[in-house]
1. Tell me the carbon and sulfur percent of the accessible area for the chain, rounded to whole percent, probe radius 1.4 Å.
2. For the chain, find the longest principal axis of its Cα atoms and tell me its angle to the long axis of helix 67-86, 0 to 90°, nearest 10.
3. Only one of the listed values, (1) 24.8; (2) 22.7; (3) 20.4, was derived from the coordinates as Kirkwood radius over Cα pairs in Å; which label is it?
4. In degrees, nearest 10, range 0 to 90: what is the angle between the Cα axis of helix 37-51 and the longest Cα principal axis of the chain?
5. Can you tell me the alpha carbon radius of gyration of segment 68-119 divided by the globular rule-of-thumb value 2.2 N^0.38 Å?
6. What are the ³J(HN,Hα) couplings of segment 170-176, residue after residue, when phi is run through the Karplus curve with 6.51, -1.76, 1.60 and θ = phi - 60°? Round to Hz, x for glycine and proline.
7. For segment 168-247, just the Cα set please: Rg and Dmax, both in angstrom.
8. Straight-line reach only, C-alpha to C-alpha below 27 angstrom: list the lysines that residue 42 could link to, leaving out same-chain residues fewer than 8 apart.
Amino acid sequence: MKLDNLARVDLNLLVILQVLLEEQSVTRAARRLHLTQSTLSKNLSRLRDMLGDPLFQRTARGLKPTAHALQIAQRLPGTLESLYELTQPPGFTPASSKRQFSFAMVESAYETLIPQFIGPLLKAAPNIRLNSYLWMENSMQDLVQGQLDFAIAGRDLHPQSGFSVEHLPEGIEHETLFTDNQVCLVRKGHEAIQAMTAGYWDLDYYLSQSHVQVRCEGSEWWALDYHLAKSNQGRHLSATVPDFYGAASICAHSDLVFTLPASFARHACKLYPLMQLPLPLEFIPLAYVLLWHSRNNSEPGHQWLKQTILTKVEQVISRDSSQ
């Protein structure tokens, strides 16, 4: 694009040319544009100089466009419409939008959250595309740089991850979707179930067991492990795996204990022969948090997507709480 040449073009003259092409009369064009005929004639002269063509020939029936003018007439309306749209506030119509949105999520939220909002999103906006990624070590930076539109992360991440809603990077905003508690899963028939029934499922018993852990942001430790370490305690991690489904499967086919958010534990129990036990110690709840950058606060597409996610998740949480 030759911007230097374009800068010398008076775009108002293109509007005048469009009206002249439509009216093919200086009198009628001047009336529509609220100009005198003399002023319009001067502008037509400027148009001829700018485009290097007479553009119109005077006839008894008015102005007859030249071949060059007719070629321009095929493209000018669309060009002016595009210029007009550039001057309007941003808009978003879900039913016709073909936008792409990207977001990252912690794996434990996929089963509990995505089914709640992806259906309504695609029903209202069938032509949009949703690109989803796992929450990783660099996801927060991707959000800051605009490579992600949204992220759903958990506050139960180890301190070294740098994620804290109290100390988010500049421009990153958040809203808590829901809170969750940590629970334990064991295979059906595990001796811990008898311990629970007999009343000696406690912290000492819990720590005497071997555990399977999901690796979080490249680390084997979760916030729970840091919490235990403060009192010189710790779990024996016999296996660490990259995903929750893998950990649930290992738990179902071994004597390893799997500690995880209750929302995913309920789902895992539907897939595998597992039993849920309470975590035998007081520990802070886990919060699932929606993150976005403030640069998008006034962008209609982002507003719509964010509000849909918040509304649908709230409806599901309210429904589950009432059951």
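The values are calculated or read from the model by the stated rules, or taken from the named source; none is laboratory data. Given the structure is predicted, the values throughout are model-derived calculations rather than measurements. Cβ coordinates were reconstructed from backbone atoms using ideal geometry, including for glycine residues, and neighbour counts include every protein chain displayed. For the accessible areas, the whole protein counts, side chains as well, though only heavy atoms, and no ligand, DNA or RNA atoms are used. Shrake-Rupley method; radii C 1.70, N 1.55, O 1.52, S 1.80 Å.
1. Roughly 50 percent, rounded to a whole number.
2. Computed tilt is about 40 degrees.
3. It is the one labelled (1).
4. Once rounded, the angle reads 70 degrees.
5. Details: Rg = 20.4 Å, N = 52, 2.2 N^0.38 = 9.9 Å.
Rg over 2.2 N^0.38 Å, computed on Cα atoms: 2.06.
6. For segment 170-176, the Karplus curve yields 4, x, 7, 10, 8, 8, 6 Hz.
7. For segment 168-247, the Cα radius of gyration and maximum Cα-Cα distance read 15.9, 52 Å.
8. By straight Cα distance, residue 42 reaches 2, 64.
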